[in-house]
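S.K.: Okay, here's the structure, questions in a sec.
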Amino acid sequence: MFPSLSPYSFLIVLALALLSLLLLLVASYQIWQSYKGPLAQKIEKRLQGLSAASDDSLQSQLLRERLLSQVPKLEQLLLRIPRAHRLDGFILQSGLNWTVSKLVLSSLVLGLLAISVLGRWLELSTSMALAAGVGVGLLPCLYVSYRRRRRLARFETQLPEALELMVRALRSGHSFAAAVQMVGQEMSQPMAAEFSTVHDEVNFGVAIEQALSNLTQRMPSTDLRYFVVAVLIQRDSGGNLTEILGNLSRLIRERLKLRSKVKVMSSDGRLSAWILTLMPFALGALMNAANPGFMSPLWTDPIGVAMLQYLLTMMLIGIVVMLKIIRIRI
């Protein structure tokens with residue numbers, strides 16, 4: 001293949017080629033680490049968390065710049081919508097690395113696909129196809145809401161442990177800012193990310209009162225509000241902060257225990273509600289699979305469509321009532 005090269009020269013060329021390939025792979029890995037590595041993702045999540053705050057000071061505005069879409073035209077369109085930034089904060093509370101445009105476009109695409117498929121293949125009426133399209137289009141929003149509830153529940157579970165860690169840090173002689181930084185370094189997610197954001201805001205020049213207020217905006221938890229109010233009152237009027245945080249930690253832990261007991265005692269009611277909600281749809285699907293001609297008048301005949309609409313409306317009202325019954329706030 002290389003007749004003019006000696007065996008030693010060929011080995012040198014081969015070694016240089018392998019070395020070049022190795023350097024190319026190392027450079028590619030370093031570039032990936034710079035944009036998609038764990039440290040880059042951590043910094044990006046901190047900056048994203050700041051965008052959900054309501055602080056209008058110059059220091060926070062410099063950190064809260066976050067695109068609603070990667071497409072400039074779509075970004076300008078979303079900026080004209082009054083609730084776009086609130087939706088952005090809702091996404092950030094879920095912990096998902098989504099943009100507003102991704103959520104909106106995914107909902108629109110799924111809704112249009114559901115309308116076209118159900119309207120053409122299953123030959124449903126226009127009203128039924130639109131209702132099904134709206135339901136399918138809401139699936140991304142429901143997924144974001146589910147992730148948000150799970151993240152908030154995880155945060156509330158971690159809060160007593162975080163307060164105890166701050167109490168130990170304050171008793172050891174550390175300042176309140178150092179205790180906040182310690183929580184951000186020692187705790188797991190999502191507690192670590194939120195308290196690290198508070199520490200970053202304070203280091204950037206935001207007042208500790210405003211940084212804590214921004215924390216309550218990003219994490220709408222009642223227990224967290226108690227913590228912030230206790231800290232702000234102590235900073236204004238004085239008092240033993242370690243004793244206040246210790247008592248608050250015990251109070252939150254006891255409330256979580258009581259809520260767990262109530263959840264266990266109401267499990268049979270919640271199971272019955274799920275069965276009553278899903279059973280009509282499951283039986284309807286089984287009957288349609290066994291005898292399609294028997295069920296087809298429900299969405300082909302006008303009387304059947306009217307009956308189905310009435311039944312779905314009553315079932316929706318029943319589901320809302322059952323949710324209100326089994327949801328016990330503590």
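The values are calculated or read from the model by the stated rules, or taken from the named source; none is laboratory data. Keep in mind that this is a model prediction, so the values were computed, not measured. Glycine also receives a Cβ, built like all others from the backbone with ideal geometry; neighbour counts cover every protein chain displayed.
S.K.: Give me the helices (runs of 4 or more DSSP H) completely within segment 234-295, filtered to those with at least 1 residues that are modelled with pLDDT of 85 or more and either surrounded by 11 or more Cβ atoms within 10 Å (Cβ to Cβ) or not hydroxyl-bearing (Ser, Thr, Tyr) (or both), ordered by residue number. Talk me through it step by step, then tell me what you get.
M.R.: Values: elements: 241-265, 267-290, 292-295.
Correct list: 241-265, 267-290.
S.K.: Another question about this same structure. Looking only at segment 104-126, decide whether some residue is of a type outside the set (Lys, Arg) and in contact with a Lys or Arg (Cβ under 8 Å, 6 or more places away or on another chain). Explain how you work it out, then say what you get.
M.R.: Start the filter on segment 104-126 by keeping residues that are of a type outside the set (Lys, Arg), which leaves 104-119, 121-126.
Checking the rest, the ones that are also in contact with a Lys or Arg (Cβ under 8 Å, 6 or more places away or on another chain) come to none.
Looking through segment 104-126, none of the residues is of a type outside the set (Lys, Arg) and in contact with a Lys or Arg (Cβ under 8 Å, 6 or more places away or on another chain).
S.K.: Could you please tell me which pairs satisfy a Cβ distance under 6 Å, a separation of 6+ or placement on different chains, a first residue in segment 206-222 that is more than 16 Å from residue 183 (Cβ to Cβ), and a second residue that is small (Gly, Ala, Ser) and surrounded by fewer than 22 Cβ atoms within 10 Å (Cβ to Cβ)?
M.R.: 206/60; 217/54
S.K.: OK, next. Residue check, residue 159 against (1) touching an Asp or Glu at 6+ places or on another chain (Cβ under 7 Å); (2) free of Cβ contacts under 8 Å to residues at least 60 places away in the same chain, all met but one. Which one?
M.R.: (2)
S.K.: Do you know which of the residues in segment 165-191 that are more than 23 Å from the chain's Cα centre (by Cα) and in contact (Cβ under 8 Å) with a residue 24 or more places away in the chain is nearest to residue 244 (Cα to Cα)?
M.R.: My answer is 167.
S.K.: Consider only pairs whose beta carbons are under 6 Å apart and that are at least six residues apart or on different chains; among these, list those whose first residue lies in segment 271-293 and is under 16 Å from residue 323 (Cβ atoms) and whose second residue is modelled with pLDDT of 80 or more and part of a helix (DSSP H, G or I).
M.R.: Matching pairs, first to second residue: 277/319.
S.K.: Which numbered condition trips up residue 98, out of (1) surrounded by 15 or more Cβ atoms within 10 Å (Cβ to Cβ); (2) part of a helix (DSSP H, G or I)?
M.R.: Here residue 98 clears every test but (2).
S.K.: Does any residue in segment 230-251 that is in contact (Cβ under 8 Å) with a residue 40 or more places away in the chain come within less than 7 Å, Cβ to Cβ, of a residue that is among the charged types (D, E, K, R) and assigned to a helix (DSSP H, G or I) six or more places away or on a different chain, and which pairs are these?
M.R.: 242/171; 249/164
S.K.: Among 162, 114, 129, which is in a helix (DSSP H, G or I), in contact with a Ser or Thr (Cβ under 9 Å, 6 or more places away or on another chain), in the same structural domain as residue 88 (by TED's automatic domain parsing) and surrounded by 13 or more Cβ atoms within 10 Å (Cβ to Cβ)? Even if it seems obvious, please write down each step before you answer.
M.R.: Values: 162 fails: in the same structural domain as residue 88 (by TED's automatic domain parsing); 114 fails: in contact with a Ser or Thr (Cβ under 9 Å, 6 or more places away or on another chain).
So the residue among 162, 114, 129 that is in a helix (DSSP H, G or I), in contact with a Ser or Thr (Cβ under 9 Å, 6 or more places away or on another chain), in the same structural domain as residue 88 (by TED's automatic domain parsing) and surrounded by 13 or more Cβ atoms within 10 Å (Cβ to Cβ) is 129.
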